[in-house]
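Read through the structure below, which is laid out as structure tokens, and then see the notes.
The values are calculated or read from the model by the stated rules, or taken from the named source; none is laboratory data. All figures in this text were calculated on a predicted structure; none of them were measured in a lab. All Cβ positions, even for glycine, are placed from backbone atoms using ideal geometry, and neighbour counts span all protein chains on display. The area values use the complete protein model at the heavy-atom level, side chains included, leaving out ligands, DNA and RNA. Shrake-Rupley method; radii C 1.70, N 1.55, O 1.52, S 1.80 Å.
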Amino acid sequence: MFGIKVSHHKLYVPLLLGTDNQDDHLMARWAQLGCFSPFLRLHSSDSPFNTREPWAFSNESHSVCAKFLQFRHRLVPYLYSVNADSIDSYKSLVEPVYYDYPERQEAYAHKNQFMFGSQLLVVPVVTPTSSVTKLGKAKGWLPPGKWVDIFEGLVYEGDRVLSFYRSLDKYPVFAKEGSIIPLDGKTGGALENGCPTPESIEILLFPGKDGHFDLVEDDGTGAEISQIKLSRTPIKYSQADGKLTIGPTSDPLLKERSYSIRILGGSADKVEINGSSKSSEKGSIEIGSQPTSTAIEVKFQFEAISNQEASDSKKKQIFARLTAGQMDLVQKGLLWDAVKSEGGLLKSISRLEDIEAPEDMKAAVMELLLAE
């Protein structure tokens, strides 16, 4: 097994040990980590002050906890499928990155990050929010290939060590090319208590390479593992054909189900569903209700984010980070001028490094410049 190494001990260790140190931001980060852990439980004690109800903390932390608790519920189709697959694959839900990359020293050096199932990589935020940037920092290694942050939409070329800076409502969770992540299609207040069979599924897809994922479910009636009736829905993506195939479902629990696809790292154009043209919003394909006993073929042309779109998006995010920064206004202006300077990325980085400004903010700007 492996564990999370926690820095800033006086601030972070007490909550991990269940003692009485309270920190609203830490509560939010702890709930986020729980979202991507085998078990998510909010413990307290018999002390009236050692409480873990999200609404007992600040409005900001309460909102973040609610967001990630709800996202955990939406992850149930993915979580169940990965755990069901572990019976045959012997792979745990949470594993260190060096299991997949045993020859890479970086996989051992960055002990905090871990794989969360077969499709996701998590780089936990375990340091306090910076008083300058108002962002948390997480340092990690992205293995070779392209990766996308499922919350920010930022695309990174891998085989690099990077520091990721995230506001309290965001968390560094990455999907590799070809990833397929099924989620409960309901969101927010529409989610139901318990785990009823989802009537709708949203599929997160990051095109670029072929991908495959089996959605596994059961009817909830088996008292023992040997008695559980499993239903499987294969989901396959062919990069060469630009086609996502869903089903058919074996031993379906529902006669019909609605599907939608959210494209990560780009958008979909010229969409066809079972041979019929379908209009789509940028980055989203609504399939609607379909029989589970037959396959659904979704063909589309993947449009990666253009260089100009990526540049404009990064500048917008950099400007937002500078605006929120608690620092000298003149220094903000100098950093912004460096970002806007003509002559390409290397010139911007060179100018940025030469500016006397808080290192946290310079690094937070640099992260976005180095994203694709």
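Picking from residues in region 319-356 that are closer than 21 Å to Ser167 by Cα and among the small types (Gly, Ala, Ser), the one that is nearest to the chain's Cα centre (by Cα) is Ala320. Scan region 31-67 residue by residue and report those that are touching a helix residue (DSSP H, G or I) at 6+ places or on another chain (Cβ under 6 Å) and open to solvent by 70 Å² or more (accessible area, probe 1.4 Å). Trp55 - this is the single residue of region 31-67 that is touching a helix residue (DSSP H, G or I) at 6+ places or on another chain (Cβ under 6 Å) and open to solvent by 70 Å² or more (accessible area, probe 1.4 Å).
Annotation: Met361 fulfils all but one of (1) touching a Gly at 6+ places or on another chain (Cβ under 8 Å); (2) within 30 Å of Pro198 (Cβ to Cβ); (3) among the hydrophobic types (A, V, I, L, M, F, W, C); the unmet one is (2). Which residues, taken from region 154-181, are assigned to a loop (DSSP other than H, G, I, E, B), touching a His at 6+ places or on another chain (Cβ under 8 Å) and crowded, with 21+ Cβ neighbours inside 10 Å? Correct list: empty.
Criterion first (over 30 Å from Ser200 (Cα atoms), charged (D, E, K, R) and loosely packed, with under 15 Cβ neighbours inside 10 Å) does Asp328 satisfy it?
yes
Here Arg257 fulfils each of the conditions (1) loosely packed, with under 15 Cβ neighbours inside 10 Å; (2) touching a residue at least 24 places away in the same chain (Cβ under 8 Å); (3) charged (D, E, K, R) apart from (1). A search for C-beta distances below 6 Å between a residue of region 17-32 that is farther than 12 Å from Pro128 by Cα and modelled with pLDDT of 90 or more and any residue that is surrounded by 14 or more Cβ atoms within 10 Å (Cβ to Cβ) and not hydroxyl-bearing (Ser, Thr, Tyr), counting only pairs 6+ apart in sequence or on different chains, returns Ala31/Cys65; Ala31/Phe68; Gln32/Phe68. On the stretch given as region 228-248, residues that are exposed (fewer than 15 other Cβ atoms within 10 Å of the Cβ), under 25 Å from Asp269 (Cβ atoms) and among the hydrophobic types (A, V, I, L, M, F, W, C) total 1.
From the list Ser92, Ser61, the lone residue that is of a type in the set (Ser, Thr, Tyr) and in a loop (DSSP other than H, G, I, E, B) is Ser92. Checking each residue in region 226-239 for being in contact (Cβ under 8 Å) with a residue 24 or more places away in the chain and not in a strand (DSSP E or B) picks out only Gln239. Inspect all residues belonging to region 285-293 and state whether any of them is without any contact (Cβ under 8 Å) to a residue 40 or more places away in the chain, among the hydroxyl-bearing types (Ser, Thr, Tyr), surrounded by fewer than 17 Cβ atoms within 10 Å (Cβ to Cβ) and part of a loop (DSSP other than H, G, I, E, B). No; the residues of region 285-293 include none that is without any contact (Cβ under 8 Å) to a residue 40 or more places away in the chain, among the hydroxyl-bearing types (Ser, Thr, Tyr), surrounded by fewer than 17 Cβ atoms within 10 Å (Cβ to Cβ) and part of a loop (DSSP other than H, G, I, E, B). Considering region 182-196, and only residues there that are closer than 21 Å to Ala31 by Cα and touching a helix residue (DSSP H, G or I) at 6+ places or on another chain (Cβ under 8 Å), the residue that is most open to solvent (accessible area, probe 1.4 Å) turns out to be Cys195.
When Phe151, Phe116 are checked against the criterion of being closer than 15 Å to Phe36 by Cα and open to solvent by 10 Å² or more (accessible area, probe 1.4 Å), a single residue qualifies: Phe151. Residue count for region 335-352 satisfying the condition of being closer than 20 Å to Leu135 by Cα and open to solvent by 20 Å² or more (accessible area, probe 1.4 Å): 1. Residue by residue through region 302-331, note down the ones that are among the basic types (Lys, Arg) and in contact (Cβ under 8 Å) with a residue 24 or more places away in the chain. Within region 302-331, Lys314, Lys315, Arg321 meet the criteria.
Just one of the numbered conditions (1) among the hydrophobic types (A, V, I, L, M, F, W, C); (2) part of a helix (DSSP H, G or I); (3) touching a helix residue (DSSP H, G or I) at 6+ places or on another chain (Cβ under 8 Å) is not true of Ala320: (3). Total residues in region 72-103 satisfying the condition of being open to solvent by less than 70 Å² (accessible area, probe 1.4 Å), touching a strand residue (DSSP E or B) at 6+ places or on another chain (Cβ under 8 Å) and free of Cβ contacts under 8 Å to residues at least 40 places away in the same chain: the figure is 1.
Taking first residues from region 109-136 that are more than 16 Å from Asp159 (Cα to Cα) and partners that are hydroxyl-bearing (Ser, Thr, Tyr) and outside any loop (DSSP other than H, G, I, E, B), the Cβ contacts under 6 Å between residues at least 6 apart in sequence or on separate chains come to Leu135/Tyr165.
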